[in-house]
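See below for the structure under consideration.
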Amino acid sequence: MNSSFTLESAPHDLGVTATGRIMKILILTLIPALLVNIYFYGFGVLINVLLSLVACLVTEGGMLRLRKRHLNLLWRDNSAAVTAVILGLTLPQLLPWHLTVIGSVFAIALVKHAFGGLGQNVFNPAMAAFVFLLISSPVQMTSYVSPVPENWEHLTLSRSAQAIFGSADLRDSVRRETHDAILESLVMPRDKREYFKLADSFTGPTFLTDVMHERPAKANPEASVQGWTEGARGTGDLPWLFIGHISTSLAFLLGGIILMVFRVIDWRIPVSFLTVSGGLFTVFWAVSPDAFLAPVWHLIFGATVFGAFYIMTDPVTAVPKPQGAWIFGATVAVIFVIIRNLGGYPDAMAFSVLLGNAAAPLISILTRRREFGAGYSPEVLHQHD
């Protein structure tokens, strides 16, 4: 009798098996990172997460009804909630509300359920939605809030809501008020513009975007990444720009370690990704230190740590097998380094993960484990009788 099933050798249970439990642990480990983001970036992060959560759950329920599936899957697997939290954390903190809703609907309806629902989607829903919004609304998607300690006192819940749900004029007014309040609260020695680039606006392109535009050019050979970072650090203490990103990365790292301890994610994927990407970033920096950032800055800025532990390790779109996990992590790392150093998008996590997702089925096939006894001739087996 012909069978369409693919046989896999044991063990099949490598840790936590309940999907709902896995997703709950993922959400719980993201709470410290969410609090750190609120502290440095204001309550816009929380509004984005809640808005995306509502949109994802409503879309999930609607798609389940259209597919004639039980609505109890909403709270049984919690996958839509995880997509919402991850997407909400990656979006700009004051992104207009309709873009967050559009991205959430796109993630659940087109990226997840159009492929058959949980376990069938090829691409990571949150990253596919992020790329969709980035391509369709590049200006709004590249305007992030600069990290400032106690920013939740400036970008309060009401002020953040006005910027997110209000008109363009109201949004500009809120930005000006918040900008002035931040400058008055900060005690900064020497030159403010050199110490912290907040004089023009508290929202704008990320650090990686600024560095990319400061790469040496033939018309301006004196411009260098190293000189830019030294100017950004200033002559006083470590600026809030760096402290905020370091704190956020440490929060994601803490959550990632917890996930590895509880065996919720495969440790091989983040280890492979961080090792290979760190090595390649070191090579680029060693060859041309004036043109490329040192590896430590790539680790701190952008979604490097977040992506390594929470995005790449998605059990549906990654490679679950041990050998394949190493290859998958290395593949995403190579793409990540190429796009970030040589491409047009400085924070290349979303693009590299999606391209890695596309390669995951092939990696899974090439690293398929051999069933017991397969590949041996009868003569060889009889020799051991």
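The values are calculated or read from the model by the stated rules, or taken from the named source; none is laboratory data. Quantities reported herein were computed from a predicted structural model and do not represent experimental measurements. Because the Cβ atoms are built from the backbone with ideal geometry, glycine has one as well, and the counts that use them run over all protein chains shown. Keep in mind that these areas ignore ligands, DNA and RNA; they rest on the heavy atoms of the full protein, side chains included. Shrake-Rupley method; radii C 1.70, N 1.55, O 1.52, S 1.80 Å.
What are the pairs with Cβ atoms under 8 angstrom where one residue, in region 68-87, is in contact (Cβ under 8 Å) with a residue 60 or more places away in the chain and the other, located anywhere, is of a type in the set (Gly, Ala, Ser) and crowded, with 21+ Cβ neighbours inside 10 Å? Sequence gap at least six, or different chains.
From region 68-87, the pairs are Ile86/Ala126.
Test Ile27 against the criterion of being surrounded by fewer than 21 Cβ atoms within 10 Å (Cβ to Cβ), β-branched (Val, Ile, Thr), under 24 Å from Leu250 (Cα atoms) and modelled with pLDDT under 95, and give yes or no.
Details: surrounded by fewer than 21 Cβ atoms within 10 Å (Cβ to Cβ): yes; β-branched (Val, Ile, Thr): yes; under 24 Å from Leu250 (Cα atoms): yes; modelled with pLDDT under 95: yes.
When the stated conditions are applied, Ile27 passes them.
If you scan region 122-172, which residues turn out to be open to solvent by less than 40 Å² (accessible area, probe 1.4 Å), part of a loop (DSSP other than H, G, I, E, B) and in contact with a helix residue (DSSP H, G or I) (Cβ under 8 Å, 6 or more places away or on another chain)? Show your work before the answer.
The first filter runs over region 122-172 and keeps only residues open to solvent by less than 40 Å² (accessible area, probe 1.4 Å), leaving 124-131, 133-134, 137, 141, 143, 145-149, 151, 154-155, 160-161, 163-164, 166, 171.
Now drop any that are not part of a loop (DSSP other than H, G, I, E, B), which leaves 124, 137, 143, 146-149, 154-155, 166.
Matches in region 122-172: Asn124, Ser137, Ser146, Pro147, Val148, Pro149, His154, Leu155, Gly166.
Condition first: in contact with a Pro (Cβ under 7 Å, 6 or more places away or on another chain) and farther than 21 Å from Leu28 by Cα. Can you find one or more residues in region 111-133 that meet it? Explain how you work it out, then say what you get.
First, pick out the residues of region 111-133 that are in contact with a Pro (Cβ under 7 Å, 6 or more places away or on another chain): 111-112.
Going one step further and asking which of them are farther than 21 Å from Leu28 by Cα, we end up with 111-112.
Yes: one or more hits.
Mind listing whichever residues of region 44-83 are within 17 Å of Pro96 (Cβ to Cβ) and open to solvent by less than 70 Å² (accessible area, probe 1.4 Å)? Walk me through how you get there before you give the answer.
Of the residues in region 44-83, the ones within 17 Å of Pro96 (Cβ to Cβ) are 44-52, 54-55.
Residues satisfying the conditions are Gly44, Val45, Leu46, Ile47, Asn48, Val49, Leu51, Ser52, Ala55.
Are there any pairs, at least 6 apart or on different chains, whose C-beta atoms fall under 9 Å, with the first in region 304-315 and within 15 Å of Lys24 (Cα to Cα) and outside any helix (DSSP H, G or I) and the second open to solvent by 10 Å² or more (accessible area, probe 1.4 Å) and small (Gly, Ala, Ser), and if so, which?
Pairs found: Pro315/Gly119.
For Ile269, are the conditions met, namely being on the phi < 0 side of the Ramachandran plot, in a helix (DSSP H, G or I), open to solvent by less than 50 Å² (accessible area, probe 1.4 Å) and of a type in the set (Val, Ile, Thr)?
Values: on the phi < 0 side of the Ramachandran plot: yes; in a helix (DSSP H, G or I): yes; open to solvent by less than 50 Å² (accessible area, probe 1.4 Å): yes; of a type in the set (Val, Ile, Thr): yes.
So Ile269 passes the test.
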